[in-house]
1. Taking residue 62, is it loosely packed, with under 11 Cβ neighbours inside 10 Å, of a type in the set (Gly, Ala, Ser) and free of Cβ contacts under 8 Å to residues at least 60 places away in the same chain?
2. When you look at residue 55, is it modelled with pLDDT of 90 or more, assigned to a loop (DSSP other than H, G, I, E, B) and either among the small types (Gly, Ala, Ser) or outside the structural domain of residue 102 (by TED's automatic domain parsing) (or both), yes or no?
3. Of all residues in segment 76-102, count the ones that are outside any loop (DSSP other than H, G, I, E, B) and surrounded by 15 or more Cβ atoms within 10 Å (Cβ to Cβ).
4. Are any of the residues in segment 105-119 of a type in the set (Asp, Glu), without any contact (Cβ under 8 Å) to a residue 12 or more places away in the chain and not in a strand (DSSP E or B)?
5. Every residue in segment 89-115 that is closer than 14 Å to residue 132 by Cα and of a type in the set (D, E, K, R), please.
6. For segment 107-125, how many residues meet the condition of being surrounded by 15 or more Cβ atoms within 10 Å (Cβ to Cβ) and under 19 Å from residue 85 (Cα atoms)?
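The values are calculated or read from the model by the stated rules, or taken from the named source; none is laboratory data. Worth saying up front: this structure is predicted, and the values here are computed from it rather than measured. Here the Cβ positions follow ideal geometry from the backbone for every residue, glycine too, while neighbour counts run over all protein chains shown.
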Amino acid sequence: MIFGKSRLELKVGIFVFIALVILATFVLLIGNIKTWASGYKVNFVFNFINGVKVGAPVRLAGMDVGEVKNINLIYLPEENRMKVNVVGWLRKEAIIPEDSSVWVNTLGLLGEKYIEVMPGKNYSRCLQENESLVGNDPIAMHEVAALLKNITDDLDQTIVKIKNAEGTVGKFISDDTIHAELVELIKTTKELVADIKAHPWKLFRKTKEKPVKK
């Protein structure tokens, strides 16, 4: 009786152990934790990262090569300002030259923010473990909104000036004399073109020089 109970407990223990192993493997895959992979960490330094989060992809030439592992603020005494340091984990085959460009990109208009790296050309000097690369800051939404507002205001002012016959365009549209002269010029040009088509030899006729009066 005791022997049978021990066998049952052994089976239950083995089942629980297998279940825990499967669960741990599933968690590792979901979390994309590269415990068994080899790679290195580099720093991407920005003034503004526009909402990049830990776990965001890092792409090299459009290909996923790693992810953001940590984000922290750093103070640079030489510039007397705060910066954002994005720590990225990269696969060992992802080689980044020091003259590469890096910026914050977006999957779609309102999608996930990620780090995009465009490789440079100087492969004689590439980023090593824990080295840094200065990134290009993304444009903040309030700056885009301000730019659109300025464009709209300028357009409104231009339309008002045209309606009030102000400025070169407004005077050109509202001035009947200029309009009539333009119509006459177009008419004369058409007549000249038609005359040349009918008598192309005129293009090669030399103009007679008038005698100079002494």
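1. Numbers: loosely packed, with under 11 Cβ neighbours inside 10 Å: yes; of a type in the set (Gly, Ala, Ser): yes; free of Cβ contacts under 8 Å to residues at least 60 places away in the same chain: yes.
Spelling it out, residue 62 is indeed loosely packed, with under 11 Cβ neighbours inside 10 Å, of a type in the set (Gly, Ala, Ser) and free of Cβ contacts under 8 Å to residues at least 60 places away in the same chain.
2. Numbers: modelled with pLDDT of 90 or more: yes; assigned to a loop (DSSP other than H, G, I, E, B): yes; either among the small types (Gly, Ala, Ser) or outside the structural domain of residue 102 (by TED's automatic domain parsing) (or both): yes.
Yes, satisfied.
3. If we filter segment 76-102 for residues that are outside any loop (DSSP other than H, G, I, E, B), which is where we start, we get 76, 81-91, 97, 101-102.
Going one step further and asking which of them are surrounded by 15 or more Cβ atoms within 10 Å (Cβ to Cβ), we end up with 83-91, 97, 102.
Within segment 76-102, residues that are outside any loop (DSSP other than H, G, I, E, B) and surrounded by 15 or more Cβ atoms within 10 Å (Cβ to Cβ) number 11.
4. The answer is no; no qualifying residue exists.
5. Those that are closer than 14 Å to residue 132 by Cα and of a type in the set (D, E, K, R): 98, 99.
6. 5
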